Structures are given as structure tokens and as C-alpha cells.
Amino acid sequence: MLIYKIFRADEWATLQADGETVGAPIDVADGYIHFSTAETVAETAAKYFSGAEGLVLLALESDRLDPLKWEPARENVLFPHLYRKLRMDDVLWSKPLPLIDGVHQFPALS
């Protein structure tokens, strides 16, 4: 199953340059890297990245991430959390997440 991570341009650049990352500030604070599913990623963008430009959407295969835990978050929905550094070789693809008229435009999620 594909899961998704939204990064700001500088966070994405760090992952590309270093080959791994502890994630965004919220990931560091919580002690794990937050991901979203295809069903929750647009809400994540609206809630945590409202008005932000220059975002990048990463897709990852959940079965390849260990230790990945599915834990309740917003409205008790299960979200995937990674309890290790995110590595560049974990990323299947990355695509820009443009902001048009205040709404992030997502590619086809598959």
C-alpha cells in the first residue's frame, strides 16, 4: 500500500543531500515520521500546510518500511508512523504539490 509524506522544499533538499532525515520539526518533536494515506493526505495538506508553496509529495510502499506502526490520530483514524530515519531509498517517487487558488493540487495517487 502506498503512503505519503509532504515535505517543504528545504526538508526534501535535506533528504536528497544527506540520503536520510529525521523528518520535519513535528516528526522530531513526536519521535517518529508522520505519513498519510491516499484518503487522508489532502486533509493533512489543508490542516498543516495551508497556504504553503513549494511542497513536495513523496510516495512510499508501507510494506517496505520497518518499524512502521499504524496508530490512531485525527478522529481516531489510523495513520502510519515510522520509528526510524527516512532514507532516500525508501522513496518510490516524488512530485511537486502546487498551490492553486489556495488549494494544493495532488497528482493521481496510486
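The values are calculated or read from the model by the stated rules, or taken from the named source; none is laboratory data. Because the structure is predicted, anything quoted here is derived from the model rather than measured. So basically every Cβ, Gly included, is an ideal-geometry build from the backbone, and we count neighbours across all protein chains shown.
When you look at PHE79, is it under 14 Å from the mean Cα position of the chain (by Cα), surrounded by 14 or more Cβ atoms within 10 Å (Cβ to Cβ) and under 16 Å from HIS104 (Cβ atoms), yes or no? No: the conditions fail for PHE79. Annotation note: of ALA42, ALA17, the sole residue that is of a type in the set (Gly, Ala, Ser) and within 14 Å of the chain's Cα centre (by Cα) is ALA42.
Filtering SER50, SER62 for residues that are closer than 19 Å to LYS95 by Cβ, more than 11 Å from the chain's Cα centre (by Cα) and not aliphatic (A, V, I, L, M) leaves a single hit, SER62. The set of residues from the stretch 1-49 being over 15 Å from GLN105 (Cα atoms), β-branched (Val, Ile, Thr) and either outside any strand (DSSP E or B) or modelled with pLDDT under 95 (or both) comprises THR14, VAL22, ILE26, VAL28, THR37.
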